[in-house]
Each structure stands twice: as structure tokens, then as C-alpha cells.
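What follows is one structure encoded as C-alpha cells, with my remarks underneath.
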Amino acid sequence: MSDSVSKPRPQFRNLSIARLMGYRLPLAGKASIMHRVSGALLFLCLPLVILPLFAASVTSPESYAGLREWASNPVCKLVVLVLIWGYLHHFCAGIRYLVLDLHIGMDKVSAQKSAGVVFGVSLALTVVFGLKLFGAW
Amino acid sequence: MTTQERIGTHRLVVGAHYGTRDFIVQRITAIIMAVYTLVLFFGFLFSGEVNFENWRNLFTFTVLGAPVGQLLATLAFVSLAWHAWIGVRDIWMDYVTGAGLRLALHALTILWLVAAVVFFAKILWSL
């Protein structure tokens, strides 16, 4: 406890919001920030969108029919698709982290590759769900 | 204070010691949710025709009279809330430096998630 009241540590705040788009993130960094963005999105939408939709889907045959009616609107489909993307990205990126926790694929090359796989798989699945959602079959 | 907590002769390492627990909790809850996602997905695929009864049955099925569907969904949702608490708290800790604002955001996050759990439990257990 002796030095807990030590001199203030130096802070280096050399990041700038205005230049945010100018920073070059490696693919693993992009997967990481999208993991955070998708998690925050799902957190915010949980009581606002996801739970009301879930309630409508299971409560009664009438509310289920009402949900199908609601979901026939393309804008609503788009909202659902964004949430599907968020879930899929968070799911895939999360599995990548669990694998990294086991010290598998820790070197730079494999870590970049696995980040690419996360984007590839989550976006491909989003397209599949999107096609299904918009009635491609 | 044991000698093991001392580094060198001057420095004493202190901390709340919740970091490791939260690290482990976040991963265990993630695995629970991932497994439940697959259970739901394949349950849906093999539930036959897509209609209200088959969909609701994914959450209300019983095994030998026990409400297994509701119990699994509750387990997964509580995992979700705990997982989200750790994740969102980490976001505030990374970007919000003022102690007062951070405390307020932590409190709001907890209220938000507790409300979600109660909302979900009410929907699920009144089926």
C-alpha cells in the first residue's frame, strides 16, 4: 500500500476522433471492434426490439400472426437482418476468441487469417438468412 | 498481507481480484449461449412445419413433466445478461474516464439488464 498515492502517471492521448477513419487497423483489429459494436448493438436492442418480437412470437396464435404481418414490411425485415448480422458476427468472433484462449492460432499470420474467416463466415451466413428473410425461397 | 503479495521491497500489489472471475464467467456464459443457439437452431430445423405451435414448443417442451424448454431458455438468458454486463462494463471502463459518469452508466446498465431478465422471465414463464 506504500506507493498507492504515487505521482500521477503520464497519459498519452494521441488518438483523435476526427482521424478515426484514417487509422489503418489490421483485419484482426477490425474483427475486434466489430465484436464490440455488435455486442453493444445487441445489448441496446434487447429490451427495445428483440424481447418484444420474442414475446409476440410465443404468446398467442394471434400475436404470432401479428408478428408475421409486421415482418412483411421490408424496413422491418432490414431491422431484423441487422440484428441477425450482429448476432452472427458476435457468435463467430466469440468462437475465434475462445480458440485463441486455448493458445491456438496465436501467431500473426494465423490470427489475421482467422479474422478473415470470421468476416467471411458471418457475412455469408447473413446473406443466407437475408435471402431467406426476403423470400428468395 | 502475506509476503507473496509483495513485489520487491516497496511495492505491494493490491486489487479487487474480480478480473479473473469475470474473464472465466464471460467465457462460460459464452459457451452456454453458443450451445443453446445450436440447440435452438437444429430444434427449429427438425421441428417440421413452421407454425406457432412448433415454434412455441421449442421453449415450452417438457421431459417427464419437467419444464426443460423453459429451464434451458432461462439458463441461456441469465447467461446472456451476465455476459452482457461484463462486456458493456468493459466498454464504459475503456471509454469513460470520469468516475461519476462511469458509476451512473454502470448503474443504468445493471437496471437495463435486470429489466430485460424480468421481462423475459415474465414472457417465458407465463406460457
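Quick note: the coordinates plus some simple rules give every number you see, no bench work behind them. Keep in mind that this is a model prediction, so the values were computed, not measured. Counting neighbours? That spans all protein chains shown, and the Cβs are built from the backbone with ideal geometry, glycine included.
For this structure, a couple of remarks:
- Which numbered condition A:R24 fails, given (1) over 20 Å from B:F59 (Cβ atoms); (2) touching a helix residue (DSSP H, G or I) at 6+ places or on another chain (Cβ under 8 Å): (2)
- Each residue in segment B:51-83 was checked for being more than 17 Å from B:F120 (Cβ to Cβ), at the interface with chain A (Cβ under 10 Å from one of its Cβ atoms) and surrounded by fewer than 18 Cβ atoms within 10 Å (Cβ to Cβ), and 3 pass.
- Within segment B:87-111, the residues that satisfy the criterion of being facing chain A (nearest Cβ under 10 Å) and either in contact with a helix residue (DSSP H, G or I) (Cβ under 7 Å, 6 or more places away or on another chain) or of a type in the set (G, A, S) (or both) are B:G87, B:V88, B:I91, B:T109.
- Selected residue (criterion: farthest from B:S126 (Cα to Cα)) from residues of segment B:39-50 that are within 12 Å of chain A (Cβ to nearest Cβ) and touching a helix residue (DSSP H, G or I) at 6+ places or on another chain (Cβ under 7 Å): B:F44
- Those residues of segment A:98-132 which are surrounded by fewer than 18 Cβ atoms within 10 Å (Cβ to Cβ) and touching a residue at least 60 places away in the same chain (Cβ under 8 Å), in sequence order: A:A111, A:Q112, A:G116, A:F119
- Any hit, segment A:27-49, residues being in contact with a Gly (Cβ under 6 Å, 6 or more places away or on another chain), within 9 Å of chain B (Cβ to nearest Cβ) and either under 18 Å from B:W55 (Cβ atoms) or crowded, with 16+ Cβ neighbours inside 10 Å (or both): yes
To keep it simple, each residue is scored yes or no on (1) of a type in the set (A, V, I, L, M, F, W, C); (2) over 24 Å from B:I110 (Cβ atoms).
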| site | (1), (2) |
| --- | --- |
| A:V49 | yes, no |
| A:T59 | no, yes |
| A:V79 | yes, yes |
| A:V82 | yes, yes |
| A:S114 | no, yes |
| A:S122 | no, yes |
| A:V128 | yes, yes |
